[in-house]
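Notes for the one structure printed next.
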Amino acid sequence: LGQETLSPPRRISLISTQDMQSRLVQRQGGILEQLTEVLRLQRQARTLIGEVSARQADEGKWQPRDLDVLQSADLQQRQVQRLLSNPDDGLAKQIESLLAELKANRLGEEGISSRMQSLQKQVRRLTDDVLPPLEEQLAGALKTARLRGEQERNKNDGSDCAEGDKPLPLQGGTE
């Protein structure tokens, strides 16, 4: 005897080529907007790190406010990483989804496809090659700043530490 089973209904939507192209342009615009936000956050982080680095060069010692500035830069750096590589809605995922939609619909949108493939390569380069060393450097500077903050508190409590006058390990260069 055969068994009958029910499968969930599937919906197929038919849209015109013009509507599909409009949808693709909107998605591409959303990707570019998110990329603009990534750039804005990265520039802010670079500015903050540059401020601390310049203070280090001018004054030659750690300032208590440097920890707050570095923590802010670290938060922005984490947001950049999330916006680029979040597996649910990051730029890499959005680009991959757009390219898959182009392929699935057999659209000959070479302009969009080639731009998105190029952008996909650049996002991979950023997340795989550029950002990890910067994040490590920032983490090291944060650790040093935290230690110096503790040393400063200990110094104020009567203990002495000569290492608090060394500059933080910052190069200030972020992409």
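The values are calculated or read from the model by the stated rules, or taken from the named source; none is laboratory data. Since this is a predicted model, take the numbers as computed values, not measurements. Heads up, the Cβs are rebuilt from the backbone with ideal geometry, glycines too, and the neighbour counts pull from every protein chain shown. Accessible surface areas use protein heavy atoms only, side chains included; no ligands, DNA or RNA. Shrake-Rupley method; radii C 1.70, N 1.55, O 1.52, S 1.80 Å.
Helical runs (DSSP H, four residues minimum) scored at -39500 (n - 2.57) apiece and divided by the length of the chain put the mean residue ellipticity at 222 nm at -24500 deg cm²/dmol. In degrees, nearest 10, range 0 to 90: what is the angle between the Cα axis of helix 17-59 and the longest Cα principal axis of the chain? That works out to roughly 10 degrees. Debye-formula intensities of the stretch 12-89, expressed as log10 I(q)/I(0) at q = 0.12, 0.20 Å⁻¹, are -0.52, -0.88 (one equal scatterer per alpha-carbon, no solvent). Apply 1/(1 + (r/R0)^6) to the Cβ-Cβ distance of GLU51 and ARG23, taking R0 = 45 Å, and write down the FRET efficiency to the nearest 0.05. Efficiency for this residue pair is about 0.55. How far is helix 131-156 tilted, in degrees, relative to the longest principal axis of the Cα atoms in the chain, given as a value from 0 to 90 rounded to the nearest 10? With both axes taken from Cα atoms, the answer is about 30 degrees.
Packing here is the average count of other Cβ atoms within 10 Å per residue, and on that basis the peptides 9-18, 53-62, highest first, run 53-62, 9-18.
Using the Karplus relation 6.51 cos²θ - 1.76 cosθ + 1.60 with θ = phi - 60°, the per-residue 3J(HN,Hα) values for the stretch 89-100 come to 9, x, 4, 4, 5, 5, 5, 4, 5, 5, 5, 5 Hz, with x marking Gly and Pro. Listed values (i) 1.93; (ii) 1.55; (iii) 1.13 include one computed from this model; for Cα Rg over 2.2 N^0.38 Å that value carries the label (ii). Ordered by 1.4 Å accessible area with all protein chains kept, VAL69, VAL25 run largest first as VAL25, VAL69. One chain, two ends: ARG65 and GLU152. Fully extended at 0.36 nm per residue, the span grows by 30.1 nm beyond their Cα-Cα distance.
Extending 7 Å from Cα along the Cβ direction at LEU99 and again at ASP129 yields two label points whose distance is 1.6 nm.
Of the peptides 145-152, 28-35, 99-106, the order by per-residue mean of other Cβ atoms within 10 Å, starting with the highest, comes out as 145-152, 28-35, 99-106.
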